1. When only C-alpha pairs under 8 Å and at least 6 residues apart count, what is the relative contact order of the chain, in percent?
2. Would you list, by chain and number, the lysines whose Cα falls below 28 Å from the Cα of Lys191, excluding same-chain residues fewer than 8 positions away?
3. How do Thr134, Thr231 line up, fewest other C-beta atoms within 10 Å first?
4. Take the chain, mark every one of the GluC sites (Glu not before Pro) that falls in a DSSP loop and has at most 13 other Cβ within 10 Å, then report the longest stretch left between them, sites excluded.
5. How many nm is it between the label spots at Ala42 and Ala79, if each spot is 7 Å from the Cα in line with the beta carbon?
6. How big is the dipole moment of the stretch 169-260 about its Cα centre under a simple scheme where the beta carbon of each Lys and Arg is +1, that of each Asp and Glu is -1, and everything else is neutral? Debye, nearest 20, please.
7. State to the nearest 20 debye the size of the charge dipole of the stretch 1-134 about its Cα centre, where the only charges are +1 on K and R beta carbons and -1 on D and E beta carbons.
8. Mind telling me which of Val200, Val83, Val189 comes out most flexible in a GNM of the chain, alpha-carbon contacts under 10 Å?
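What follows is calculated from the coordinates using simple rules that are stated; it is not laboratory data. Model, not experiment: these values are computed from the prediction. Note that we place each Cβ from the backbone using ideal geometry, even for glycine, and neighbour counts take in every protein chain shown.
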Amino acid sequence: MQSFAYHSPASLADAARLAAQDDAKIIAGGQTLLQSMKLGLAAPSALVDLRAIAELKGISVGGGAVKIGAGTTHAAVAASKEVQQAIPALADLAGHIGDRQVRNLGTLGGSLANNDPAACYPAAVLGLGATVHTNQRQIAADDFFLGMFTTALNEGEIITAVSFPIPEKAGWQKFKQPASRFSLVGVFVSKGPAGVRVAVTGAGANGVFRASELEAKLAANWSAAALAGATVSADGLNSDLHGSAEYRAALIPVLAARAVG
């Protein structure tokens, strides 16, 4: 790796100021950016580490939603009694991200800002109709994810928290690629304030997306049986050495049915 400046601000205001500098990159857990730097795929002039900012951490429940600070680790979300009680599927998802190192260092905000097409958290955010809070505004889940590694965040904009509406029912299932532990296909389903939603990760060439055809079937009948014989188009889905687009398309309704239970 080339040399770079390292900053560890103690406040969100200081972090935003430092992040506005030319070619500075925000680091919230380092589980993707540091690896990219080691491989020579990224070479920022400065890193702005958010881990010391207390206001970005924590979990609260109120007003029909679970609000999680962007600096909260996956392990903390998984272990939270509040999350386990309010949205068990979200705690389950967080508890099975990557391995122990990833869960103890990776953060909610870091995962969303990176928007890896196989990441788990985007499916929960889109699948629950969550709201992403930043130091500048609030962004609805449907407007946040724009494509592979691309979001609605402006340059230097920092995610501060995510509000997840508490659903009536929700479930999560993923089919893991054994070596990487990433989702070959992952499906998050929910029925609640945001309606019936089915979000899919790992399968789409452009990242996480909603499966509207499955949402319509579950809206009419929330049951695994409602998805019997359901199909999803393979158009626009990934095809690689781990599985063809058709294979991923076949997995989506199967995993959705399992998530419904």
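1. Averaging sequence separation for qualifying contacts and normalising by length gives 15 percent for the chain.
2. Reachable lysines: Lys57, Lys67, Lys81, Lys169, Lys174, Lys176, Lys217.
3. Taking fewest neighbouring Cβ atoms as first place, the list is Thr231, Thr134.
4. By the stated rule (loop sites, at most 13 other Cβ atoms within 10 Å), 1-154.
5. So the two model labels end up 2.6 nm from each other.
6. For the stretch 169-260, the charge dipole is close to 420 debye.
7. Result for the stretch 1-134 is approximately 200 debye, rounded to the nearest 20.
8. Largest GNM mean-square fluctuation: Val83.
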